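What follows is a short report on a single structure.
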Amino acid sequence: MRVRVVVLGAVLVALLGGCGVAASGPSTRSSPQVTYWDRKRMEQASPFGTPGVGHTAPPTVGNARVGALFSGSGSGNHFCTASVVDSPKKSVLITAAHCVYGDGQARSDLAFVPAYRDGDAPYGTWPVRHVIVDPHWASNNDPDYDVAFVDLGTVKGKRIADVLGANRLGWNESYTKRVKITGYPSAKESPISCVNTTRKYSTTQLTIDCTDFTGGTSGSPWLTDLDPITRTGTVIGVIGGYEAGGSTADTSYSVYFDKDVKKLYDQAVGEEG
């Protein structure tokens with residue numbers, strides 16, 4: 001919160017100064033220079049906090065599309081993260097394959113709770129109907145295919161994206177992108193967020209430095225090209241892949257989303273209920 005206040009304060013001072021308004025007393029400028037805040041400058045003065053530092057995620061519309069995966073059909077503990085992605089029938093999530101498929105089979109006891117916070121499920125508990133993983137993951141847990149799509153059932157006759165909207169899926173993007181990551185540490189009852197720039201770890205893996213992304217954040221979406229109007233973005237990764245997402249809490253990994261991930265998404269869309 002301290003960082004946020006400083007950043008927003010800096011924006012306010014810059015805006016006041018740019019408009020020729022002094023903090024105290026009249027301006028001595030005879031012709032004040034107006035400073036315009038374009039989109040690039042506003043992104044640099046991001047209210048998300050210090051790049052690379054995790055912090056508690058505020059309860060926003062965009063963050064509500066991210067949720068916790070629970071065992072026991074919702075009665076157990078939350079252990080991974082998933083998020084809503086756009087699809088024709090509005091029922092698809094994206095997460096890490098190791099969250100939903102292991103020992104040769106898909107988990108059958110899962111539920112998704114979007115915007116979960118301190119025991120509250122403001123948008124309900126959504127049953128998982130179907131899990132879609134790549135054959136390379138299903139056969140030998142290949143870390144280059146550690147991504148999965150999940151088909152959800154309805155709640156009170158509604159589809160998840162009808163309620164929350166959805167982010168787009170991106171593939172064949174640059175290895176270097178500024179992204180926002182939001183996820184649910186299993187030891188916490190509220191999500192955390194972080195903004196930083198991705199790096200190429202290999203031709204099939206991305207990496208990023210963000211603090212405090214501990215167990216439970218696997219499957220957290222890596223969102224880029226955030227639109228402040230629609231409050232949507234493009235998912236270009238999820239925590240997973242190399243070392244199941246990383247062996248330390250401060251550096252994470254993701255499968256690089258290429259044509260194979262797009263093919264898996266197309267399969268998920270074809271199997272939507």
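Please enumerate the residues belonging to region 219-273 that are surrounded by 14 or more Cβ atoms within 10 Å (Cβ to Cβ) and β-branched (V, I, T).
T224, T232, T234, V235, I236, V238, I239, T251, V255, V261, V269 - these are the residues of region 219-273 that are surrounded by 14 or more Cβ atoms within 10 Å (Cβ to Cβ) and β-branched (V, I, T).
Can you tell me how many residues in region 131-153 are surrounded by 15 or more Cβ atoms within 10 Å (Cβ to Cβ) and more than 15 Å from V85 (Cα to Cα)?
Qualifying residue count for the region: 11.
Check region 113-123 and report whether any residue there is farther than 26 Å from I236 by Cα and of a type in the set (A, V, I, L, M).
Yes: one or more hits.
Among the residues of region 128-147, is there at least one that is under 26 Å from T204 (Cα atoms), of a type outside the set (S, T, N, Q) and under 18 Å from the mean Cα position of the chain (by Cα)?
Within region 128-147, one or more residues are under 26 Å from T204 (Cα atoms), of a type outside the set (S, T, N, Q) and under 18 Å from the mean Cα position of the chain (by Cα).
Collect the residues in region 172-201 that are under 14 Å from G237 (Cα atoms) and among the hydroxyl-bearing types (S, T, Y), keeping them in residue-number order.
Residues satisfying the conditions are S174, Y175, T176, T182, T197, T198, Y201.
What residue, of I132, I94, is under 20 Å from H78 (Cβ atoms) and assigned to a strand (DSSP E or B)?
I94
Filter region 116-147 for residues that are in contact with a Leu (Cβ under 8 Å, 6 or more places away or on another chain), more than 17 Å from K262 (Cα to Cα) and hydrophobic (A, V, I, L, M, F, W, C) and give the result.
W126, V128
Could you list, in sequence order, all residues of region 242-273 that are under 23 Å from G54 (Cβ atoms) and without any contact (Cβ under 8 Å) to a residue 12 or more places away in the chain?
Selection gives S247, T248.
Check off (1) surrounded by fewer than 22 Cβ atoms within 10 Å (Cβ to Cβ); (2) touching an Asp or Glu at 6+ places or on another chain (Cβ under 6 Å); (3) over 21 Å from S71 (Cα atoms) for S174 and give me the number that stays unchecked.
So S174 meets the others, but not (2).
Can you list residue pairs whose Cβ atoms sit under 8 Å apart, with the first residue in region 59-81 being surrounded by fewer than 23 Cβ atoms within 10 Å (Cβ to Cβ) and assigned to a loop (DSSP other than H, G, I, E, B) and the second being modelled with pLDDT of 95 or more and of a type in the set (F, W, Y)? Count only pairs 6 or more apart in sequence or on different chains.
S71/F79; G76/F70; N77/F70
Of all residues in region 125-176, how many are aromatic (F, W, Y), within 20 Å of L264 (Cα to Cα) and without any contact (Cβ under 8 Å) to a residue 60 or more places away in the chain?
Residues meeting the conditions: 1.
What about G240, is it outside any strand (DSSP E or B), in contact with a Cys (Cβ under 9 Å, 6 or more places away or on another chain) and closer than 17 Å to A64 by Cβ?
no
Return only the number of the condition from (1) among the β-branched types (V, I, T); (2) part of a strand (DSSP E or B); (3) closer than 17 Å to N167 by Cα that V261 does not satisfy.
Looking at each condition in turn, V261 falls short on (2).
Being within 22 Å of R65 (Cβ to Cβ) and acidic (D, E) narrows it down to one of D109, D120, D142, D134, so name that one.
Working: D109 fails: within 22 Å of R65 (Cβ to Cβ); D142 fails: within 22 Å of R65 (Cβ to Cβ); D134 fails: within 22 Å of R65 (Cβ to Cβ).
The match here is D120.
Take the residues in region 88-112 that are among the basic types (K, R) and farther than 22 Å from I236 by Cβ; name whichever of them is surrounded by the most Cβ atoms within 10 Å (Cβ to Cβ).
Checked region 88-112; the qualifying residue surrounded by the most Cβ atoms within 10 Å (Cβ to Cβ) is R107.
Any residue that is farther than 29 Å from Y253 by Cβ and either of a type in the set (D, E) or modelled with pLDDT of 95 or more (or both) - is there at least one of those in region 34-54?
yes
Going through region 135-171 one residue at a time, which ones are within 17 Å of V61 (Cα to Cα) and in a strand (DSSP E or B)?
Scanning region 135-171 gives N167, R168.
The values are calculated or read from the model by the stated rules, or taken from the named source; none is laboratory data. Since this is a predicted model, take the numbers as computed values, not measurements. Here the Cβ is made from the backbone with ideal geometry for all residues, glycine too, and neighbour counts use every protein chain on show.
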